[in-house]
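*Asks:* One structure, as structure tokens, below. Some questions next.
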Amino acid sequence: MPDYIYLLENRLSPDQRNALSRLREAAREAGTILFLTGDAVRDLTSGHAVRELEVSVHGNALKLKKPLEKLGAKVWGEDEASRSLYLCFPGTVRVDVISTHRVEYPKPGKAVFHPSSIHEDLRRRDFTVNAMAISLNEGSFGLLMDPLNGAADIEMRSLRLVSNYGFLEDPSLLIRATRYKTRLGWELDPKTQIRYENAKNEGVIEFLSAHARSRELEQIGHEEEGLRVLRALQAESWMSVLFPAWTPAKADEAKLHALHDLAVDLLVQGVHADTSAAQMVLLTVGLSSKDISALKKLMLRPGFVEEWDSLDNLASGFSKVLLSKPYSTPSEAYKLLTSYDPEAILWLGFTSKAAAVQDRYNLFLKVWPQARQSIPHVLMQEMRITPELPIYNDLIHQIFLQLIDGKLTTPEEMRAFLEPHSPPPPPPQITIKRPRAKRGAEKIKVVDDDEDADDNLSGDDDDLDDMGGDDDDDFSLSIPKSDLDSGIPDEADNGDDDLDGDEPEPHPPASKLSKKAAASPVAAKAAERTKAVEPAAKPTPQKPVSPEKSSPPAPKAPAAKARPEPSAAKKIVPVAKPAKSAKVEAKLASKAAPASKHLVKPPSKPTVKPLSKPVAKHLGKPAKPTKPVKPAPSKSKPTAKPTKSSHAAKPSKPAAKKPAHKPSKRR
């Protein structure tokens with residue numbers, strides 16, 4: 001259904017769409033339903049040009065005569081037997097409005113009509129390619145009905161009879177089959193071809209009805225290539241039945257080609273002219289006036305005959321208007337040529353010999369179209385005038401009219417003309433920048449809560465052995481061995497280093513001591529001192545840990561908030577840091593505590609004394625009380641007066657001479 005909606009909206013001309021909209025409006029007021037049928041559906045599906053419309057209505061189509069006349073339609077004729085109306089809408093759009101019916105043939109060529117539904121109406125058609133309908137109603141607009149699979153025959157480019165007795169019951173189908181073969185270039189289905197030959201040989205064409213004869217005669221003039229169809233009918237001997245005096249020799253072939261070329265040029269400029277009446281003049285130019293009068297009486301639509309007769313008067317009236325003073329400017333003349341009666345424009349351009357008229361047609365068809373190449377599409381794009389704007393097409397037309405009048409010759413004039421139509425620029429795009437967080441805060445967020453909970457609750461020796469961490473981790477504060485060697489003083493240097501007044505290094509947190517350190521009385525006292533010196537951290541609620549993830553709780557050492565151990569490779573100035581959660585502190589402490597494994601180095605000489613209590617507490621190892629050692633000097637900046645911590649070591653000896661390797665250390 002969407003495909004046929006697209007075809008109805010894009011393959012039909014604006015005048016044809018306007019005619020269908022008026023028909024739908026009249027059907028709504030009458031309370032009936034209608035369908036697009038016949039040649040129009042076939043041409044839409046196959047891609048051919050739609051030359052006329054046929055609309056089938058449930059009920060009596062003759063009742064729509066007055067409503068359609070009020071909507072602008074002209075009644076060209078009507079048929080009481082089939083209850084059909086032949087209309088012409090503005091733009092010379094031919095529309096046949098017929099009542100849905102079925103047909104019986106008691107005798108060949110003698111049709112009896114009965115009202116029926118749309119489905120029965122499709123089954124009484126001539127060929128399957130014409131037995132399709134498109135709904136024009138509100139609830140089912142665009143719905144295709146194809147009970148006889150005519151779409152497949154269109155794809156095969158084949159003409160297949162709906163009824164096996166079609167040629168015998170309605171002999172006009174023989175003429176119609178020849179006309180379709182010539183116009184469309186399709187072939188008859190093999191079985192249909194056999195039936196065609198049989199009916200032709202039996203002479204059933206003699207039973208051709210007067211109504212069918214009138215339709216087929218007029219249809220020659222409505223063909224796009226009427227002379228070609230006339231020759232095909234003459235070759236099949238059908239013209240001897242239709243109108244013996246009318247032969248291809250009576251037509252003017254050269255003028256027919258010229259008329260066709262002019263119609264194509266006008267179509268390129270937007271003038272949709274119907275060539276039917278003008279073509280009939282050239283197809284019958286060799287007939288006598290008596291034969292022409294007889295032929296006109298046989299036409300199906302009297303309105304078409306009136307248009308045929310009025311071509312000269314239409315062209316004369318248009319010539320006076322075109323050469324009048326109000327239309328002397330190119331823009332006004334262009335508007336007139338695109339809005340006047342298309343058939344009058346076609347016939348005047350074909351028959352007029354006046355130089356002024358020919359000059360206007362030459363400007364309209366050849367000179368003025370070149371001005372479209374000067375339309376500044378690039379400038380319009382720069383000024384944000386794009387095809388998406390509702391006024392884009394109207395603005396293009398206004399620029400074209402200004403150009404053919406000799407205006408807008410410079411870029412400045414063009415920009416000034418387009419400036420009022422240029423939309424405002426779009427607002428600048430707002431970019432929201434997220435504030436950059438501190439490096440420490442970003443890394444704290446990476447810590448997994450589940451892993452922290454497992455580390456805090458696990459008391460296995462394997463977890464304690466892995467507390468050292470990696471050296472590349474930012475939280476690892478391990479001290480290089482080279483600095484440890486220089487940081488542990490010899491016996492001779494204790495005095496000098498003590499007099500320098502350096503503060504002892506911060507103590508490691510007691511929460512991550514090993515089981516042996518936690519059990520040592522010395523380590524317990526050190527933890528109590530640390531807890532007394534440093535303020536207690538504010539407890540923060542921890543994420544509850546599920547029993548499945550957590551291991552059995554292990555005995556913990558008394559926890560105390562401790563500052564992270566600074567690396568000996570870099571000088572770190574203490575800076576106030578934001579408070580951290582107990583969970584993060586425990587993580588930091590767990591990674592900083594194993595640094596004592598690298599700090600403690602077994603003495604290479606038996607003369608080195610054991611470490612003192614403060615140093616042992618700093619390194620996370622239980623110190624031997626029997627052999628005190630002086631505390632290691634700190635790398636921080638010396639103060640004015642030497643100070644000692646609350647847990648400083650015993651008074652050192654007087655200063656002694658420095659060994660020989662001391663100058664190398666300063667160097």
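The values are calculated or read from the model by the stated rules, or taken from the named source; none is laboratory data. Treat the numbers as computed from the prediction; the structure is a model and nothing was measured. Cβ atoms come from the backbone with ideal geometry, glycine included; neighbour counts cover every protein chain shown.
*Asks:* Filtering region 159-191 down to residues that are in a strand (DSSP E or B) and within 18 Å of L122 (Cα to Cα), which residue is nearest to the chain's Cα centre (by Cα)?
*Replies:* Checking each candidate, the answer is L159.
*Asks:* Could you identify the single residue in Y105, Y86 that is surrounded by 19 or more Cβ atoms within 10 Å (Cβ to Cβ), of a type in the set (S, T, Y), more than 42 Å from the chain's Cα centre (by Cα) and outside any helix (DSSP H, G or I)?
*Replies:* From the options Y105, Y86, the qualifying one is Y86.
*Asks:* Related question: When you go through E224, E206 one by one, which is the residue that is surrounded by fewer than 19 Cβ atoms within 10 Å (Cβ to Cβ), part of a helix (DSSP H, G or I) and either among the acidic types (D, E) or in contact with a Ser or Thr (Cβ under 9 Å, 6 or more places away or on another chain) (or both)?
*Replies:* Selected residue: E206, the only one of E224, E206 that is surrounded by fewer than 19 Cβ atoms within 10 Å (Cβ to Cβ), part of a helix (DSSP H, G or I) and either among the acidic types (D, E) or in contact with a Ser or Thr (Cβ under 9 Å, 6 or more places away or on another chain) (or both).
*Asks:* Would it be correct to say that A258 is among the aliphatic types (A, V, I, L, M), closer than 25 Å to F89 by Cα and assigned to a helix (DSSP H, G or I)?
*Replies:* No, not satisfied.
*Asks:* Applying the selection to region 31-59, what residues are assigned to a loop (DSSP other than H, G, I, E, B) and either among the aliphatic types (A, V, I, L, M) or in contact with a Ser or Thr (Cβ under 6 Å, 6 or more places away or on another chain) (or both)?
*Replies:* I33, A49, V50, H58, G59
*Asks:* Is one or more of the residues making up region 340-362 under 36 Å from the mean Cα position of the chain (by Cα) and over 18 Å from K320 (Cβ atoms)?
*Replies:* Checked region 340-362: no residue is under 36 Å from the mean Cα position of the chain (by Cα) and over 18 Å from K320 (Cβ atoms).
*Asks:* Among all residue pairs at least 6 apart or on different chains, which show Cβ distances below 7 Å where the first residue, located in region 361-384, is outside the structural domain of T409 (by TED's automatic domain parsing) and the second is among the hydroxyl-bearing types (S, T, Y) and surrounded by 12 or more Cβ atoms within 10 Å (Cβ to Cβ)?
*Replies:* Hits for this filter: F364/Y334; W368/Y334.
*Asks:* Quick check: anything in region 278-293 under 24 Å from E78 (Cβ atoms) and in a helix (DSSP H, G or I)?
*Replies:* The answer is yes, given that some residue of region 278-293 is under 24 Å from E78 (Cβ atoms) and in a helix (DSSP H, G or I).
*Asks:* Identify, by number, the condition in (1) modelled with pLDDT under 95; (2) of a type in the set (A, V, I, L, M); (3) surrounded by 16 or more Cβ atoms within 10 Å (Cβ to Cβ); (4) touching a helix residue (DSSP H, G or I) at 6+ places or on another chain (Cβ under 9 Å) that A61 doesn't meet.
*Replies:* Of the numbered conditions (1) modelled with pLDDT under 95; (2) of a type in the set (A, V, I, L, M); (3) surrounded by 16 or more Cβ atoms within 10 Å (Cβ to Cβ); (4) touching a helix residue (DSSP H, G or I) at 6+ places or on another chain (Cβ under 9 Å), the odd one out for A61 is (4).
*Asks:* Sticking with this structure for a sec: For residues that are among the β-branched types (V, I, T) and not in a strand (DSSP E or B), scanning just region 108-154, find the one that is farthest from P190 (Cα to Cα).
*Replies:* For region 108-154, the residue satisfying everything is I118.
*Asks:* From S135, S214, grab the single residue that is over 44 Å from the mean Cα position of the chain (by Cα), within 27 Å of H58 (Cβ to Cβ) and surrounded by 17 or more Cβ atoms within 10 Å (Cβ to Cβ).
*Replies:* Result of the check over S135, S214: S214.
*Asks:* Would you call V112 free of Cβ contacts under 8 Å to residues at least 12 places away in the same chain and among the β-branched types (V, I, T)?
*Replies:* The answer is yes for V112.
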